[in-house]
Structures are given as structure tokens and as C-alpha cells.
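Have a look at the structure below before the remarks.
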């Protein structure tokens, strides 16, 4: 899933958050810690997003945060603009 990619912590957290969001209606009554886990992941990603440099991590994080009505459009648009050059980890 993450490979040797810069910002893999954020993309993996976003992936897990999306999975928790998708399972919320089915699992909320059974998994008591689900709402707290979602809140923790959202808080982590909100703090991490301004420092991300990998477009994939920004996209995953933005999608996960948008699902919680916490999308930061300014950062997403910065990475969605043509000609964006980012530093890739080799």
C-alpha cells in the first residue's frame, strides 16, 4: 500500500480512516471505540496535511477529511494545479 513513498504515514492513515468511515453504519453499535478512532485519525490528518509534499498522500488525506466535512480546499487545489512539481523519495 505505501511502499517506499514519502508521506506514507498520512496516506495509510487516510486509507484506514476511509475504511472506518465506510464501516461506520454497520459497526458503530458493535465497535464502541470507532467514533473515537475516527476522531483521532481526523485530528492527526488535519495536523499533518499542511506538511505533506506527496500528491497521492494529499489526495487520500483530502478525500478522507472531505468525508468528515473538513476538506482544506486551498491545500488540495495547490496540488491539483497544472505544473505542480513535488520532491519524490527515491
Helix 34-48: angle to the longest alpha-carbon principal axis of the chain, degrees 0 to 90, nearest 10?
-> 20 degrees
In nm, what is the difference between 0.36 nm times the number of residues separating residue 22 and residue 46 and their Cα-Cα distance?
-> 6.7 nm
Would you calculate a helix-derived [θ] at 222 nm for the chain, using -39,500 (n - 2.57) for each DSSP H run of n ≥ 4 and dividing by the full residue count, to the nearest 500?
-> -19500 deg cm²/dmol
For the chain, longest principal axis from Cα atoms; helix 55-66 axis from its Cα atoms; angle between them, nearest 10 degrees, is 30 degrees
Residue 30 and residue 75 label points (each 7 Å along its Cα→Cβ direction) are spaced in nm at 3.3 nm
Sticking with the crude label model, points 7 Å out along Cα→Cβ, report the distance from residue 66 to residue 9 in nm, one decimal please.
-> 2.5 nm
Correct choice for percent of Cα pairs over 20 Å apart that was computed from the model, options (i) 39; (ii) 30; (iii) 36 | (iii)
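Bear in mind that the values in this text are calculations on the coordinates, not laboratory data. Just so it is clear, the model here is predicted, and its values are computed rather than measured. Cβ coordinates were reconstructed from backbone atoms using ideal geometry, including for glycine residues, and neighbour counts include every protein chain displayed.
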